[in-house]
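The values are calculated or read from the model by the stated rules, or taken from the named source; none is laboratory data. None of the values given here were measured: they were computed from a predicted structure. Heads up, the Cβs are rebuilt from the backbone with ideal geometry, glycines too, and the neighbour counts pull from every protein chain shown. Note: areas computed on protein heavy atoms with side chains; ligands, DNA, RNA excluded. Shrake-Rupley method; radii C 1.70, N 1.55, O 1.52, S 1.80 Å.
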Amino acid sequence: MKEELIDLSKAVTEAEAEHIIEETLEKYDKYVNPGFARLMRFLGTTVEVKTEGPYMYDIKGHKYLDFLSGHGVYNLGYCHPKVVKAVEDQLKMIAQTSVRTVMNKPMADLCERLAKITPGDLTYSFIGNSGTEAVEGALKLARIASGKPQIIAADNGFHGKSLGALSATGRPLYRDPFKPLLPEFDHVRFGDIDALKAVIGETTAAVILEPIQGEGGVIVPPKGYLSDVRQLCDDTGALLILDEVQTGMGRTGTMFACEQEDVTPDIMTLAKALGGGVMPIGAFIATPKAFAPFAEHPLLHTSTFGGNPLACAAANATIDIIIEEDLPRQAAEKGEYFLEKLKRMQDDFPGVITDVRGKGLLIGVEFADEGLAGSMIFELENEGVLVLYMLNNPKVIRIEPPLIITYEQIDFMIGVLYDAVDKYKTLMG
Ligand code: PLP
């Protein structure tokens, strides 16, 4: 099956579309960022105009099947009608509020939902606007709650690019130009409990990890690693922060990835899919013990737009849909199907595809080198399939479709990828 190009009722002519693309490129060049403009020209890119379900449509009427989901944002697909309706209804009432002397019901409803769906004793939530902001709050809370300075994170981990989150992010490319970063951040090998043992101690405020490293290249740690980390934190009095910004909201086959190891953090961070792909939102959720300093001083950590009713209405609808449509189960089953097919492909092209790994619908396909992974991204896009590499590991193509993707669409994508790899193999002899 080849996905057909669609005609958006000829909203614009081919010539008009070319003109809009060129004009937008010029604006990127003059007013957004000339570096981005160069990249866009190199990619021969287009302008997006509409999204729906698992599809993105461009200005020329091309239709793309999205296996990227905005790095894990569109778990429900684009513009789920129930999320759109919840936001529209909320918009007619109150859009934004930063009045802290009257109460915000959508935010209170969201915090209740988060307390109910997160594991263990996670109870109190702070609602912000993005993933990196959720991580900032979690790090601040860890330091004040423990009264200690050291934060331990993992090599190749990704937690965002604001200064505190970047201090935890483990990729030198993003860190080095901004040094000195925040003090007392140490990095250890992900998945290696002895490496953590060697660094953790009585000055450790927290260990921050992704349960599965996303941008690092979809790295699933050895079984038992997270429970060992939990134990080590308990033994030393350090807090455990699990960053579920990308792995949360059903992506890896359970509502939160840490549930698969039966591990509960003291603080969990969420963002991306929490807003249903309609509104930007982030959150951190903490146990009453960890949250105590913020309960005592509620103005210590605030945000003008954090907890705004529109974003909270989107998140409330999102959580309900994830439960109603049982998206975590769907992710688990479809992920297994996908992984098996990809592993068979790896067997057919052993020198080209060097690894296939993942959990649920967070899957990484590792190629022999970065250039090859880049060519595959081009080839797939030409055939109407969107994928991208991982920010911390460009040899790995991420396969992260909306959880509503169908088996037929998975088969279609597998076929396109197979042909692209086969073509490369034939070209290289
Ligand atoms: N934490 C993790 C695990 C992420 O994957 C990301 C983004 O990819 C972030 C934090 C940062 O989120 P944001 O881009 O919303 O700031």
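Could you please state, rounded to a whole Å, how far the C-alpha centre of the range 304-359 is from the C-alpha centre of the range 376-428?
15 Å
Carbon and sulfur atoms: what percent of the 1.4 Å accessible area of the chain do they account for?
Looking at the chain in its full context, I get 56 percent from C and S.
How much accessible area per residue does the range 81-324 have, counting only protein heavy atoms and a probe of 1.4 Å, in square angstrom? List each step's numbers first, then the result.
Details: 10040 Å² over 244 residues.
Result: 41 Å² of accessible area for each residue.
How big is the charge dipole of the chain about its Cα centre, in debye rounded to the nearest 20, if each Lys and Arg gets +1 on its Cβ and each Asp and Glu gets -1 on its Cβ?
The calculation lands at about 900 debye.
How many nm is it between the label spots at residue 296 and residue 174, if each spot is 7 Å from the Cα in line with the beta carbon?
Distance between the two pseudo-spin positions: 3.3 nm.
As an exercise, use a Förster radius of 30 Å and the Cβ-Cβ distance of residue 422 and residue 12 to find the FRET efficiency, rounded to the nearest 0.05.
The calculated FRET efficiency here is 0.25.
Is the range 201-332 rounded, prolate or oblate when judged by the Cα gyration tensor, a ≥ b ≥ c being the square roots of its eigenvalues, rounded requiring a/c under 1.5 and prolate requiring a/b larger than b/c?
Cα axes put the range 201-332 in the oblate bin.
Hand me the GluC sites (Glu not before Pro) from the range 183-290 located in a DSSP loop with no more than 11 other Cβ atoms within 10 Å, in residue order please.
Counting only loop positions with at most 11 other Cβ atoms within 10 Å, the GluC sites (Glu not before Pro) in the range 183-290 are 202.
Straight-line reach from residue 116: which lysines fall under 27 Å, measuring Cα to Cα and dropping same-chain residues less than 8 apart?
82, 85, 105, 140, 223, 272, 289, 334, 359
Just subtract the alpha-carbon distance of residue 262 and residue 303 from 0.36 nm times their residue separation and send over the number in nm, one decimal.
So the extension gain works out to 11.5 nm.
Select from 384, 260, 195 the residue farthest towards the positive end of the dipole of the chain; place +1 on Cβ of Lys and Arg, -1 on Cβ of Asp and Glu, and compute about the Cα centre.
Result: 195.
Out of the range 172-256, which trypsin sites (Lys or Arg not before Pro) are coil in DSSP terms and have no more than 12 other C-beta atoms within 10 Å?
223
Could you tell me what fraction of 2.2 N^0.38 Å the Cα radius of gyration of the chain comes to, as a two-decimal ratio?
Against the compact-globule rule of thumb, the ratio is 0.99.
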